[in-house]
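Take a look at the structure below.
The values are calculated or read from the model by the stated rules, or taken from the named source; none is laboratory data. All values derive from a computational prediction rather than experimental measurement. Neighbour counts run over all protein chains shown; Cβ positions are idealised from the backbone, glycine included. Ligands, DNA and RNA are stripped out before the accessible areas are found, and what is left, the full protein with its side chains, is counted by its heavy atoms. Shrake-Rupley method; radii C 1.70, N 1.55, O 1.52, S 1.80 Å.
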Amino acid sequence: MSQNLPLAGIKIIDFTHVQAGPACTQLLAWFGADVIKVERPGSGDVTRSQLRDIPDADALYFTMLNSNKRSLTLDTKTPQGKEVLEKMIKDSDVMVENFGPGALDRMGFSWARIQELNPGMILASVKGFSDGHHYEDLKVYENVAQCAGGAASTTGFWDGPPTVSAAALGDSNTGMHLAIGILTAIMGRQKTGKGQKVAVSMQDAVLNLCRVKLRDQQRLDKLGFLKEYPQYPHGTFTDVVPRGGNAGGGGQPGWVLKCKGWETDPNAYIYFTVQDHAWAPICKALGREEWIDDPAYNTPDARQDKIFDIFATIEEWLKDKTKFEAVDYLRKFDIPCAPVLSMKELANDPSLRASGTIVEVEHKGRGDKYLTVGSPIKFSDMTPEIVASPLLGEHTDEVLAGLGYSKEQIAALHTAKAV
Amino acid sequence: MSKALSGYRILDFTHVQSGPTCTQLLAWFGADVIKVERAGEGDATRGQLRDIPDADSLYFTMLNHNKRSITLDTKNPKGKQVLETLIKECDVLVENFAPGALDRMGFTWERIHELNPKMVVASVKGFGPGPYEHCKVYENVAQCAGGSASTTGFDDGPPMVTGAQIGDSGTGLHLALGILAALLQRQTSGRGQKVLAPMQDAVLNLCRVKLRDQQRLERTGVMKEYPQYPDTPFGDSVPRAGNASGGGQPGSILKCKGWETDPNAYIYFVNQGAVWEPICKVIGKEEWLTDPAYATPALRINQMKNIFSTVEEWTKTKTKFEAMDILNKFDIPCGPILSMKEIAEEPSLRETGTIVEVDHPVRGKYLTVGNPIKMSDSPTEVTRSPLLGEHTEEVLGQLGYSADQIADLRKDGVIS
């Protein structure tokens, strides 16, 4: 593709595995970086074989998170393996890892050693908790991060348990944060010539998205209630931000409302927002013109203590409309709403295919095409080309040749099981 | 110490949450962010969800650190002139107006590119091109359109939104990523470009593994790690999975001591295969170690509800922190459900700079979430949000306006 991609010329040593790190490096690969995924000989990234749908072929868990990368198998415990890694470090711009605490040091590659080999190297790390945190030794999975980061305590209903989100707040979200850090460090290096360490912890990345909940904690501390939460005015507040169900959360009350077919279709719902300057059109749409000028209804404050009755009236109106019919009608009045789209609907959405957010990818190992989520960020001067994930060790010889190893040396490395 | 993005200047037209999240992060990395606000009220969040009358609300102060604020009437021709000067002097223009608003102001992409061919114009919108591209979108609307709501919650309940602001803050982060990529590309191409982060797409990016599951479901009809398996049939779309872990290791949220009165007396517990033996010992179920029905991870999937409810009998006798301490000794993966109050008071988060106390001339002190991205050579110094129009004169002076010119602008109501 003849376009100057933003990260053309940037070389990345990718030690990450599973989701958070791979989500990050995949995006950087899409932006043009040469991402060399370093995997253990034999098994590689564990996601190649997790949640498999086709026996003996790389799982979607792997293929959807490792597009456009090259795969090198390397045993970093062997002296030859360490030598290969040293050469790679000298030759690369960024190293990304999500090892447990101390693992890189024990491998013989402390930060001091890395800087000695290559002062411009940027070392980017995914952590569970930040360095120095009293849980820093904990193994952190997606949902553990959601629970530690405040998302679970503030998701779900007040009379039900803390609830995890399907969106990967702990994994992919952390990967996106790390990508921002890496690009920032690359730009910083242009001024100073030096690399640096970049780290994001999963707990912090979750908490960053829950910023407004820390806002609400402080408002609650000061006022004792939160007007836009469903607990107000008829329920009670304690001293912690409660779960708000499907409440709107910002300045605009909203809720998830049933549409025609909800009894059998788990996603026959819309999100409906009662935005103040759309109140008159909402009333007209519902056939409740009398509410337009009624002081008991025509301001946000007035509506608050009867907001659930208003939602019930809207739901009554929605009973005979599919979610798409409802949204098409309501949109005419600029009422902020959307259908609850299922994954099946999204997978088949023509607009998302046209924009490249959902992409069909050919994969020789799996035998047919699969869908992936492409780059959600759109550029007018750059279109990433999304190609298949690598087979295990597919580029080992190519990468070694690129580092200057001769055919004989490469054969010797294979014999020594260093690669 | 100089920061990574020192020298970059950002014309910040954003307001509310998604855009400000993006520009705040860039400011933390050293960019000069000039927030352009309407005279009088400025960013609507200054006055929303107020806890202190007549002072900027936390909604504003926690999303607008380290920025400079100028007020400008962009409907006034003289205001448009100031804007043209700003465009020439800045590297990036960021906006999250309703679709078409920037065009109607007279600043189409073509016009901006003409004034400054190197400018990156970065936008948050609700949807990308398609039938909904002109729709107004808020946080939860984005969550519903992006696949998150259909797959969050329990399968005997409605679609659920998440308290994490994936539609707003999540999209802002994606936009920041796009801006940095565009600035890097500019170094070789010599020109700016448009960057768009649609909220639906950003949410979907975070729901990547649900698209994975949709395809697995279509191919095999079941998903063994979902709680529906093996007792309930699957439909044709990825169902809601409650608190299941969604990955290779089964997990769930379990009650701890005090759950009847404390909504966050819970723990996340992962039934990791490698530590099955210590798990059985800790909960006093050694007999499972020799029971053929529990012999392998694949067999245990059929017993998962029973396993979790038995573990819960044990966790219900301990506080979440006591349970964690015991489980950690055996490397059994788990985590406490922390409330926002516990997070606000956690000393470790203060030490790492993830939670920061900031002083404000009108409000007094408040807490904010600092920069989660830690850089060893570009540390973040969180400073307070600006008062409305606090830097108008300073910025105009830097752009070359004289004191007289500034006074005239004020007289004409172009600035306040």
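For A:Ala296, the conditions (1) outside any loop (DSSP other than H, G, I, E, B); (2) more than 14 Å from every other protein chain (Cβ to nearest Cβ); (3) of a type in the set (Gly, Ala, Ser) are fulfilled apart from (1). Among helices (runs of 4 or more DSSP H) entirely within region B:294-341, having at least 1 residues that are within 23 Å of A:Gly156 (Cα to Cα) singles out B:304-315, B:320-329. If I ask for residues that are closer than 17 Å to A:Asp216 by Cβ and among the β-branched types (Val, Ile, Thr), which ones from region B:359-380 would you list? B:Thr368, B:Val369 - these are the residues of region B:359-380 that are closer than 17 Å to A:Asp216 by Cβ and among the β-branched types (Val, Ile, Thr).
Let's see how each residue does on (1) more than 9 Å from chain B (Cβ to nearest Cβ); (2) crowded, with 24+ Cβ neighbours inside 10 Å:
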{"site": "A:Val206", "(1), (2)": "no, yes"}
{"site": "A:Gln218", "(1), (2)": "no, no"}
{"site": "A:Lys227", "(1), (2)": "no, no"}
{"site": "A:Thr238", "(1), (2)": "no, no"}
{"site": "A:Asn246", "(1), (2)": "no, yes"}
{"site": "A:Glu263", "(1), (2)": "yes, no"}
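Residues in region B:160-169 that are open to solvent by less than 10 Å² (accessible area, probe 1.4 Å), within 15 Å of B:Gly147 (Cα to Cα), in contact (Cβ under 8 Å) with a residue 40 or more places away in the chain and at the interface with chain A (Cβ under 7 Å from one of its Cβ atoms): B:Met160, B:Ile166.
Across region B:93-124, what is the total count of residues that are in a strand (DSSP E or B) and over 17 Å from B:Arg9 (Cβ atoms)?
Residues meeting the conditions: 2.
Every condition in (1) touching a Phe, Trp or Tyr at 6+ places or on another chain (Cβ under 6 Å); (2) more than 7 Å from every other protein chain (Cβ to nearest Cβ) is met by B:Asn140 except one, and the failing one is (2).
Residues checked against (1) of a type in the set (Asp, Glu); (2) touching a Ser or Thr at 6+ places or on another chain (Cβ under 7 Å); (3) more than 7 Å from chain B (Cβ to nearest Cβ):
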| residue | (1), (2), (3) |
| --- | --- |
| A:Pro162 | no, yes, no |
| A:Ala168 | no, no, no |
| A:Asp171 | yes, no, yes |
| A:Gly175 | no, no, yes |
| A:Leu178 | no, no, yes |
| A:Ala185 | no, no, no |
| A:Arg189 | no, no, yes |
| A:Gly193 | no, no, yes |
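Within region A:325-351, the set of residues being in a helix (DSSP H, G or I) and more than 7 Å from chain B (Cβ to nearest Cβ) comprises A:Glu325, A:Ala326, A:Val327, A:Asp328, A:Tyr329, A:Leu330, A:Glu345, A:Pro350.
The set of residues from region B:323-333 being more than 7 Å from chain A (Cβ to nearest Cβ) and either in contact (Cβ under 8 Å) with a residue 60 or more places away in the chain or open to solvent by less than 30 Å² (accessible area, probe 1.4 Å) (or both) comprises B:Ala323, B:Met324, B:Leu327, B:Ile332.
So for region B:125-132 (the condition being small (Gly, Ala, Ser), buried (at least 24 other Cβ atoms within 10 Å of the Cβ) and in a loop (DSSP other than H, G, I, E, B)), does at least one residue qualify? Yes: one or more hits.
There is at least one residue in region B:210-217 that is open to solvent by 10 Å² or more (accessible area, probe 1.4 Å), at the interface with another protein chain (Cβ under 7 Å from one of its Cβ atoms) and touching a residue at least 24 places away in the same chain (Cβ under 8 Å).
To keep it simple, each residue is scored yes or no on (1) crowded, with 21+ Cβ neighbours inside 10 Å; (2) under 17 Å from B:Leu180 (Cβ atoms); (3) touching a residue at least 60 places away in the same chain (Cβ under 8 Å); (4) more than 20 Å from the chain's Cα centre (by Cα).
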site: A:Gln115; (1), (2), (3), (4): no, no, yes, yes
site: A:Pro119; (1), (2), (3), (4): no, no, yes, yes
site: A:Glu142; (1), (2), (3), (4): yes, no, yes, no
site: A:Gly149; (1), (2), (3), (4): yes, no, yes, no
site: A:Pro161; (1), (2), (3), (4): yes, no, no, yes
site: A:Leu178; (1), (2), (3), (4): yes, yes, yes, no
